1. Considering every residue within the stretch 342-358, establish whether at least one is more than 25 Å from C172 (Cα to Cα), within 16 Å of the ligand (Cβ to nearest atom) and surrounded by fewer than 21 Cβ atoms within 10 Å (Cβ to Cβ).
2. Please pick out the residue among E134, E157, E170 that is under 16 Å from the mean Cα position of the chain (by Cα) and more than 24 Å from E347 (Cα to Cα).
3. Within the group G364, G382, which residue is of a type outside the set (A, V, I, L, M), outside any helix (DSSP H, G or I) and modelled with pLDDT under 95?
4. Which residues, counting only those in the stretch 293-315, are touching a residue at least 24 places away in the same chain (Cβ under 8 Å) and either within 16 Å of the ligand (Cβ to nearest atom) or closer than 19 Å to Y204 by Cβ (or both)?
5. What's the number of the condition M199 fails, among (1) over 15 Å from the mean Cα position of the chain (by Cα); (2) within 16 Å of the ligand (Cβ to nearest atom); (3) assigned to a helix (DSSP H, G or I)?
6. Test I272 against the stated conditions and say whether it is within 22 Å of V419 (Cα to Cα), in contact with a strand residue (DSSP E or B) (Cβ under 9 Å, 6 or more places away or on another chain) and of a type outside the set (S, T, N, Q).
7. Of all residues in the stretch 213-255, which are in contact (Cβ under 8 Å) with a residue 60 or more places away in the chain and assigned to a loop (DSSP other than H, G, I, E, B)?
8. Can you go through I38, I21 and tell me which one is buried (at least 21 other Cβ atoms within 10 Å of the Cβ) and under 16 Å from I74 (Cβ atoms)?
Amino acid sequence: ATADIGLIGLAVMGSNLALNIAEKGYTVAVHNRSPGRIDEFVSEAKAQGLDGNTIPKYDLADFVQSVKAPRSIIIMVKAGKPVDDMIEQLLPHLEPGDAIIECGNSLYTDTQRRFDYLKPKNIGYLGVGVSGGEEEGARHGPSIMVGGSKEQWHNAEAVLTAIAAQFNGESCCAYLGEGGAGHFVKMIHNGIEYGDMQMIAEVYGVMRDGLGMTASECGDVFKKWNEGPLNSYLIEITGHVLHAVDADTKKPLVDLILDKAGQKGTGVWSAIVAQQMGVPATAIEGAVAARSISSRKAERVAAEGIYGRPNRVRSDVTLDDLEKALLAGKIVSYAQGFAVIAKASEEFGWSLPLATIAKIWRAGCIIRSRFLDQMASAYSKGDASNLLIVPDFVAIMKDAHPSLRKVVAGAAMGEFPMVCLSAALSYFDSYRQAQGTANLIQGQRDFFGAHGFEIEGRGGDLHGTWPSTLQNKAAAPVVE
Ligand code: 6PG
């Protein structure tokens, strides 16, 4: 056996990870169900001068044998049943102490189940979230969120750390916790990604339909914003997307793309888990809902026929307001995302390191940004509470929330949908007010279900004396 690591599944992401490993000086054995894909990989590796570090294997048993024990075998197949099938195929060939490293976008509960299944067999299982896109990120340095068997993690640590993106000399790869921890964190990364993308799209809507800007003018603004506090990969690529021109029509490409967003599930999972744990993650929920509304194009066209075109009155919102609104919305969204992670850590006993998570998101992944460096420092100081009360972010919010307010108010009057930014604003307004309105909800609950309420100084589980029936109440004369 000569390979440092094995990799099964040579679709775009798998082959790019394998090439990345080979480039970092490690020997990688590769296997794929269809042999044709192995041949293609061999030519790619040759073309990039990396064939010396790759060992193509057409037979699964041979492939496993070619990896040094204790083995680390990456599987990069479609999430769901293909992962379970692959585990079953591999099992007879593995020896105690070997590990399977699964790098797809798997649901963390599936990862936890697989981890629990393999543990008694003494086969390690690492569920690893890999972010950065299957082309660029996987090939040149993704962010790598590792969860699962700690012992076997150490066998693969050198390789995974080497292939990850680097931020100021620090690798964006870290072990985060047992079982499904890595995939949980990747899932929330994606939820946050959904929120960022939706908030950017909402702001673009105001520029396009409220300020009457062309795609390329909008692109210029994002390019400029990328030099300020919003500096991030998503702002940068938004500029590029807005500047792209269709080769046939010479029109801005973005103006031709149908306004129907796809989604593969990680956003929905994030929203569900957050709700189940009782952590408000309204920015993620809003972003998921907005994608779902977007996909119902025919219904929207019909509804516009009924209500007429939105009356996009021009508000006095400026580009500076939009920039600050985006910043404030982002802080709320990240505060929510990290709160979900903190709660999961408690609930599942993972001890998830929030500072490390912010650190490994600073480069390589889709949500990488300048702002995450500030978050990493905040969490490094040991402040694990809501980001909205961490001093550095309080200062930014104090400066930026009036703009978020102005933008959301302007959007409401101008008939612009702002599912995500308005959700972020409402969360902020709910979170920062000492006196809310749930007292009334408690009264209602007690009225119809004797659910009880609390009065300060008098204790909890108190009940009101409500009229026995509504009929009695309605029949009672108001004025004699
Ligand atoms: C990444 C991305 C990647 C992918 C997601 C989201 O971190 O590299 O998050 O994993 O883009 O699957 O995809 P959808 O938008 O299709 O749900």
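The values are calculated or read from the model by the stated rules, or taken from the named source; none is laboratory data. Note that the structure is predicted; figures quoted are calculated from it, not measured. Neighbour counts run over all protein chains shown; Cβ positions are idealised from the backbone, glycine included.
1. Within the stretch 342-358, none of the residues are more than 25 Å from C172 (Cα to Cα), within 16 Å of the ligand (Cβ to nearest atom) and surrounded by fewer than 21 Cβ atoms within 10 Å (Cβ to Cβ).
2. E134
3. G382
4. If the condition is that a residue be touching a residue at least 24 places away in the same chain (Cβ under 8 Å) and either within 16 Å of the ligand (Cβ to nearest atom) or closer than 19 Å to Y204 by Cβ (or both), then I293, S294, S295, K297, P310, R312, V313, R314, S315 are the ones that fit.
5. It is condition (1) that M199 fails.
6. Spelling it out, it is not the case that I272 is within 22 Å of V419 (Cα to Cα), in contact with a strand residue (DSSP E or B) (Cβ under 9 Å, 6 or more places away or on another chain) and of a type outside the set (S, T, N, Q).
7. G228, P229, L230, N231
8. So the residue among I38, I21 that is buried (at least 21 other Cβ atoms within 10 Å of the Cβ) and under 16 Å from I74 (Cβ atoms) is I21.
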